[in-house]
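Trainee: I have a structure I would like to understand better, so I am pasting it below and will then ask my questions one at a time.
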Amino acid sequence: MRLIQARESGLNHEKKVTPGFRPILISEAAFDRLKKLQKRTYGHQHDPNGVRFDLKDIASAVVLEAFEIDDLPSRALGRAAQSFVDSITSLKENAS
């Protein structure tokens, strides 16, 4: 394991990095949709001064907007449960 030191706002931060480790917060399908949204510019499509947002800002906006939907918590938990069941099922099928 190697240590990386970063200087942010005058403070030292140490971060441990495991070679080959890739943290995953969202699925590839969700990430691809966020990247497509990021590629769109805010304002006129052909405006050279159009704004392209950081992916962090896009993802945060999508999550915050989604939480404005009334039945989001139950739908999201249902989707997560189905994803979990699907992953267990595929593991069992691959083990056979």
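The values are calculated or read from the model by the stated rules, or taken from the named source; none is laboratory data. Given the structure is predicted, the values throughout are model-derived calculations rather than measurements. Virtual Cβ from ideal backbone geometry, glycine too; neighbours counted across all protein chains shown. Note: accessible area is taken over every heavy atom of the protein model, side chains too, but ligands, DNA and RNA are not part of it. Shrake-Rupley method; radii C 1.70, N 1.55, O 1.52, S 1.80 Å.
Trainee: State whether the residues of region 27-46 include one that is touching a Phe, Trp or Tyr at 6+ places or on another chain (Cβ under 8 Å) and at pLDDT below 90.
Mentor: Within region 27-46, the first condition is being touching a Phe, Trp or Tyr at 6+ places or on another chain (Cβ under 8 Å), and the residues that meet it are 38, 42.
Filter once more, so that each one left must be at pLDDT below 90: 38, 42.
Checking region 27-46: at least one residue is touching a Phe, Trp or Tyr at 6+ places or on another chain (Cβ under 8 Å) and at pLDDT below 90.
Trainee: Limited to region 57-84, what total is found for residues that are open to solvent by 80 Å² or more (accessible area, probe 1.4 Å), assigned to a helix (DSSP H, G or I) and not polar (S, T, N, Q)?
Mentor: Within region 57-84, residues that are open to solvent by 80 Å² or more (accessible area, probe 1.4 Å), assigned to a helix (DSSP H, G or I) and not polar (S, T, N, Q) number 6.
Trainee: Something else now. Quick one: is Ser96 of a type in the set (S, T, N, Q) and under 15 Å from Leu37 (Cα atoms)? Reasoning before the result, please.
Mentor: On the way: of a type in the set (S, T, N, Q): yes; under 15 Å from Leu37 (Cα atoms): no.
Judged against the criteria, Ser96 is not a match.
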